[in-house]
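What follows is a set of notes on a single structure, which appears directly below.
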Amino acid sequence: MKHFFNSTEPFPLECGETLPAVTVAYHTYGMLNEKRDNVIWVMHGLTANSDVADWWPGTVGEGLFLDPNKYFIVCANMLGSCYGTTGPSSINPASGNPWCDDFPKVTIRDMVHAHQLLAEHLGISKIHEMIGVSLGGFQAIEWMVTDPDIAENVMFCATDSSCSPWLAAFNQSMYMAIKTDPTWGEPRLDAAKDGLATARSIALISYRGPFAYNMSQRDSEDKEDPFFHRVQTYQEYQGKKLCDRFDVYSYVRICQSGDSHDVGRRRGGIKDALSRIKANTLVVGISSDILFPPECLRQLADNIPGSRFEVMDSNFAHDGFLIEHKQLNEIMKRWRRQRNFEC
């Protein structure tokens, strides 16, 4: 069920600006038990929303690792998004119009601050299990370092402790594509749609990688037009599909939040920061992920005391966490059994 939390207090940002108020959209599944110790908090990726069952099929349901019969599952839409939480598509009270490109830059730490406000509003002081995937993993890592006692167990999947040069390069290429659109910067939510579609096409290459493309988009041997490849229409379709549900200013601000990610910033470095994590920790990499290669996840695990590292075998690269739900269910349930912390 979708809910909205409205905080009327000023919300200071790391960039030095302050939002006059903040709304957080969130979904919950299941019931909070009497001991209030069955909370699973899920943090989603770049363009997903707070409805986990919508963007992560095969994970929510009876017998699955997000089982509403056992757990009280919370997923909050991240700050800067356009799915109900305050972001560029929200109304700027100073102008009465959407913020658009006037919306301030937000960091991963700002996003975590919004999660903390929601947890306080819900009366949740302890999380049984925190799960962060992709950019949601950035938030989960940051939250666990900011407040090492908040969760007893945590799973980080297809993510990293900081924004790598490789990720920043993809992001910069997307910004360059977006800003070639002559409507970029215009104060309307349908601006720079062509630029956004091109940026999405660039992102997809990093999400799917060569194995998935070559497996799913190969042309027939008897095609008539030698210049045509079916993947061309696939890229165009995926660009349009995102434009139908997302605005360019939310996309840019969220990507910029990823640029800001460095859990070691002002904490003595990444190793010192990660050493603060106390929770039982599972780190999951994906064998073919080119955005967050398994070796990056191994290094993340090596710096977290007592953590466990697993690699999920998949040909779907970074998107493997969205597709290989059977494997992920097996990994999660096995980890819980071995650690004996299933609710």
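Annotations
- Distribution of pairwise C-alpha distances over region 144-252, 5 Å bins, in %: 2, 10, 16, 16, 14, 14, 11, 9, 5, 1, 1, 1, 0
- Size descriptor, Kirkwood hydrodynamic radius, that averages inverse alpha-carbon separations across region 118-175, Å: 12.6 Å
- Shape parameters for region 272-343, alpha-carbon atoms, Rg then Dmax in Å: 12.7, 35
- As a ratio to 2.2 N^0.38 Å, the alpha-carbon radius of gyration for region 75-217 is 1.22.
- Restricting the GluC sites (Glu not before Pro) of region 267-343 to loop positions (DSSP other than H, G, I, E, B) with no more than 16 neighbouring Cβ atoms within 10 Å leaves Glu342.
- The Cα atoms of region 1-116 cover 48, 28, 22 Å along the three principal axes, with the biggest extent listed first.
- Relative to the compact-globule estimate of 2.2 N^0.38 Å, the Cα radius of gyration of the chain comes out at 0.99.
- For region 139-211, the set of trypsin sites (Lys or Arg not before Pro) satisfying both a DSSP loop assignment and a count of at most 14 other C-beta atoms within 10 Å is given as Arg188.
- A DSSP coil position with no more than 14 other Cβ atoms inside 10 Å describes the following GluC sites (Glu not before Pro) in region 8-44: Glu17, Glu34.
- Nearby lysines by direct alpha-carbon distance to Lys70 (threshold 30 angstrom, same-chain neighbours under 8 apart not counted): Lys2, Lys35, Lys126, Lys278, Lys326, Lys333
- Along the chain, the longest continuous region that contains none of the chymotrypsin sites (Phe, Trp or Tyr not before Pro) in a DSSP loop with at most 11 other C-beta atoms within 10 Å is 1-226.
- Overall, the ratio between the Cα radius of gyration of region 223-320 and 2.2 N^0.38 Å, rounded to two decimals, is 1.51.
- Using a probe of 1.4 Å, the accessible surface attributed to Leu117 totals some 40 Å² when neighbouring protein chains are kept in position.
- Note on region 187-249: Cα-Cα pairs beyond 20 Å make up 37% of the total pair count.
- Two-site FRET efficiency, Arg218 against Met1, from Cβ-Cβ distance with R₀ of 30 Å, rounded to 0.05: 0.10
The values are calculated or read from the model by the stated rules, or taken from the named source; none is laboratory data. Not measured: the values here are computed from a predicted model. So basically every Cβ, Gly included, is an ideal-geometry build from the backbone, and we count neighbours across all protein chains shown. Calculation scope for accessible area: heavy atoms of the full protein, side chains included, ligands and nucleic acids excluded. Shrake-Rupley method; radii C 1.70, N 1.55, O 1.52, S 1.80 Å.
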